[in-house]
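The values are calculated or read from the model by the stated rules, or taken from the named source; none is laboratory data. What you see is a predicted model, and the numbers here were worked out from it, not measured in a lab. We place every Cβ from the backbone using ideal geometry, glycine too, and count neighbours over all the protein chains shown. Ligands, DNA and RNA are stripped out before the accessible areas are found, and what is left, the full protein with its side chains, is counted by its heavy atoms. Shrake-Rupley method; radii C 1.70, N 1.55, O 1.52, S 1.80 Å.
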Amino acid sequence: MFIQVLNLPVGTTIEDVTELFCRTSIIDSIHVHDAAVPEHVVAWVALRCSQTGANAISDLLDGRFFRGRHVSTYAALFLH
């Protein structure tokens, strides 16, 4: 399952996203797309869990204050 993390600060690293996810052991991979426009910094996090688990994690992280920004998360329904 994948979770998309939006509104990350410019310069966000894979290690930063790992920290946001509390270094959970179910992370398979993290890809950060850094852009010059702050509103376009996005991370895709692949998790080894069910859709229900991804939804729960997304709900816990959505709106969290992270490095000066409120991040938005979305558990993707159709990416595997």
Angle check, please: helix 51-61 long axis (alpha carbons) against the longest principal axis of the chain (alpha carbons), in degrees 0 to 90, nearest 10. 30
Using the Karplus curve 6.51 cos²θ - 1.76 cosθ + 1.60 with θ = phi - 60°, what ³J(HN,Hα) values do you get for each residue of region 62-73, in whole Hz, with x for Gly and Pro? 4, x, 5, 7, 9, 6, x, 9, 8, 7, 10, 10
Solvent-accessible heavy-atom area per residue, rounded to whole Å², over the chain at 1.4 Å: 57
About the Cα centre of the chain, what is the dipole size in debye to 20, counting +1 per Lys and Arg Cβ and -1 per Asp and Glu Cβ, all else neutral? 100
Counting only protein heavy atoms with a 1.4 Å probe and every protein chain in place, the carbon and sulfur fraction of the accessible surface of the chain in whole percent equals 59
Let me make sure I get this right: for the chain, a, b and c are the square roots of the gyration tensor eigenvalues over alpha carbons, sorted descending. Under 1.5 in a/c it's rounded, otherwise prolate if a/b > b/c, else oblate. Which is it? prolate
From phi via Karplus (6.51, -1.76, 1.60), per-residue ³J(HN,Hα) for region 22-34 in Hz, x at Gly/Pro: 6, 6, 4, 7, 9, 6, 8, 7, 9, 10, 10, 9, 8
Residue-averaged [θ]222 nm for the chain, counting only DSSP H segments that reach four residues, each worth -39500 (n - 2.57): -6500 deg cm²/dmol
